[in-house]
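Below: the structure, in structure tokens.
The values are calculated or read from the model by the stated rules, or taken from the named source; none is laboratory data. This one's a predicted model, so the numbers in the text were calculated from it and none came from an experiment. Every residue, glycine among them, receives a Cβ derived from its backbone with ideal geometry; neighbour counts consider all protein chains shown. Accessible surface areas use protein heavy atoms only, side chains included; no ligands, DNA or RNA. Shrake-Rupley method; radii C 1.70, N 1.55, O 1.52, S 1.80 Å.
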Amino acid sequence: MLGVPFAKADATKFSATGYVGADVDEVVRSLLGAARGDVAAAEFGIVYVDEVDKLAEGAGSASRGGGVNTRSVQSALLKLMEDAEVPLRAPGERPPWLSRNEGRNEAQVIRTRHVLFIFSGAFSDLEAMLRTEQAQQAAAEHAAARAAATDGREQGDDGLEALSTADALVDPLCRAHPRDFVRAGLETEFIGRIPVRVVCRSLRRHDLVAIMRDAEDSVLKQMQRNFDGYGIDLVVTDEALDEIASRAESERTGARGLLTVLEDTLRDFKFELPSTNLKQLVVDRHTVQAPKKHLEALLTEHSQRQAG
């Protein structure tokens with residue numbers, strides 16, 4: 001789909017030389033594997049590094065074990081972004097693609113000049129810090145606006161309230177500057193080499209509903225296949241989808257929250273219903289709100305039918 005070699009890595013697995021962990025050069029070498037041994041193609045690949053916020057050493061990062069190691073990892077990643085030459089072979093290692101394409105790899109290094117590096121992270125500590133500062137600033141502006149109403153004209157609260165509400169809806173990370181990332185613990189040179197920064201907004205309820213309905217292998221479709229294995233048709237109403245999405249949104253864990261809510265709702269059904277001859281389970285809003293009560297009613301009704 002991308003048309004270029006792609007490599008993904010987790011920043012928490014990297015370490016500085018001499019520490020236990022992966023060397024940052026390894027993610028660049030993995031581009032060679034994705035390029036089937038073609039060094040020229042690997043030099044125009046994409047490297048995606050997740051959890052880069054875990055390398056920060058700012059407020060709240062002490063529990064993550066920040067220190068010289070995280071600074072060294074940032075420095076190592078910085079060198080890769082600044083046109084480095086990464087040896088094809090790690091010390092004591094002979095990658096399998098070299099034996100297959102020995103004649104094609106006259107170059108013994110991969111240059112990173114044209115490699116695109118993409119970093120991502122939650123930056124929860126930074127978001128909390130900026131949100132606090134944003135609230136303090138909004139409160140100060142609100143108080144100043146009220147104090148300025150001294151000319152005798154009545155100042156309606158609606159405008160001020162609307163301003164505060166609109167300000168609260170803005171994601172604090174949208175207003176983050178490089179200096180804020182430095183305060184959070186990233187090195188100045190490191191964040192300076194990342195010129196384009198975008199914020200991905202949190203998934204809303206309608207997004208989560210769309211994921212359950214439209215994603216190729218959504219967790220809901222997996223659940224339906226599980227029940228289908230026992231000969232039970234799992235039907236989830238639109239109201240139930242909305243309730244599941246609403247609860248998942250409150251989890252604040254993205255699409256992962258869908259699995260949590262669906263497991264909490266359907267866990268007991270998965271254990272109890274296969275031993276019955278029920279062929280269909282309809283999940284509505286009340287089922288999501290009180291799954292145990294709905295299961296008990298369903299089993300009671302089934303027992304009465306069997307007795308009759």
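Distance between the C-alpha centres of the stretch 109-129 and the stretch 242-274: 32 Å, rounded to the whole angstrom. Charging the Cβ of each Asp and Glu at -1 and of each Lys and Arg at +1, and nothing else, the dipole of the stretch 253-308 about its Cα centre rounds to 80 debye. For the stretch 185-291, applying the loop criterion from DSSP together with a ceiling of 15 other beta carbons within 10 Å to the chymotrypsin sites (Phe, Trp or Tyr not before Pro) yields TYR230.
Ordered from highest to lowest accessible area with the whole protein assembly present and a 1.4 Å probe, SER15, SER246, SER124 read as SER124, SER246, SER15.
Would you work out what percent of the accessible area of the stretch 161-308, with all protein chains in place, is carbon or sulfur (probe 1.4 Å)? Accessible surface attributable to carbon and sulfur in the stretch 161-308 totals 50 percent. In summary, the lysines within cross-link reach of LYS270, defined as a Cα separation below 22 angstrom excluding same-chain residues under 8 places away, comprise LYS221, LYS279, LYS292, LYS293.
Taking a cut-off of 25 Å between Cα atoms, list the lysines near LYS79, but don't count ones fewer than 8 places away on the same chain. By straight Cα distance, LYS79 reaches LYS8, LYS13, LYS54.
Which one of TYR230, SER246, PRO172 has its Cα pushed farthest toward the positive end of the charge dipole of the stretch 157-308, where Lys and Arg give +1 and Asp and Glu give -1 at the Cβ? It is TYR230.
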